[in-house]
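Here is the structure we will look at, set down as structure tokens.
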Amino acid sequence: MGWEIMGKKVRIDKKGRIVIPKEMREKIGITEGSYVELEVYNKNAIIIKPLESIADRYFGIFKVEEYPDDIDEFLKKEVIRKWLRDQSM
């Protein structure tokens with residue numbers, strides 16, 4: 001696997017925030033509301049990794065009568081319930 005490096009300089013605001021350039025967000029598939037994982041590498045770099053939500057991973061697997069307030073929490077419970085059911089068979 002080869003590494004593709006894309007570099008940009010950005011400014012950190014007084015609250016510690018940065019804006020990830022659009023080109024980079026599109027490249028790794030993150031959009032508004034996406035979750036990312038931050039890792040410190042070698043004490044001098046931060047790696048940003050996109051995370052897939054549980055809701056996206058299990059979309060369409062469960063039939064839902066009423067849309068829950070917290071879809072990720074609902075899916076965690078349903079996955080555990082299904083796993084426990086499968087283990088008892």
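Things to note:
- A simple count of charges around ILE80, restricted to other residues whose Cβ falls under 12 Å of its Cβ and scoring Lys, Arg +1 and Asp, Glu -1, yields +2.
- Residues of type lysines that LYS77 reaches as a straight line, Cα spacing below 24 Å, ignoring anything fewer than 8 places off in the same chain: LYS63
- Database remark: amide H of VAL36 closer than 5 angstrom to the amide H of LEU51 (H placed geometrically; neighbours at sequence offset of 5 or more, or on other chains; Pro and chain starts carry no H).
- Spacing of the two label points (7 Å from each Cα toward its C-beta) at TYR35 and GLU73, in nm: 1.3 nm
- Label positions at LYS14 and ILE46, each projected 7 Å from the Cα along the C-beta direction, are separated by 1.9 nm.
- Legend: residue pairs LYS27/LYS82; LYS49/LYS82; LYS14/LYS49; LYS43/LYS76; LYS14/LYS76; LYS9/LYS43, Cα-Cα distance threshold 27 Å; pairs beyond threshold, LYS27/LYS82; LYS49/LYS82; LYS43/LYS76; LYS14/LYS76.
Since every read-out is calculated from the coordinates, none of them should be taken as a lab result. Quick caveat: nothing in here was measured; it's all calculated off a predicted structure. Please note: Cβ atoms are built from the backbone with ideal geometry, for glycine as well, and neighbour counts cover all protein chains shown.
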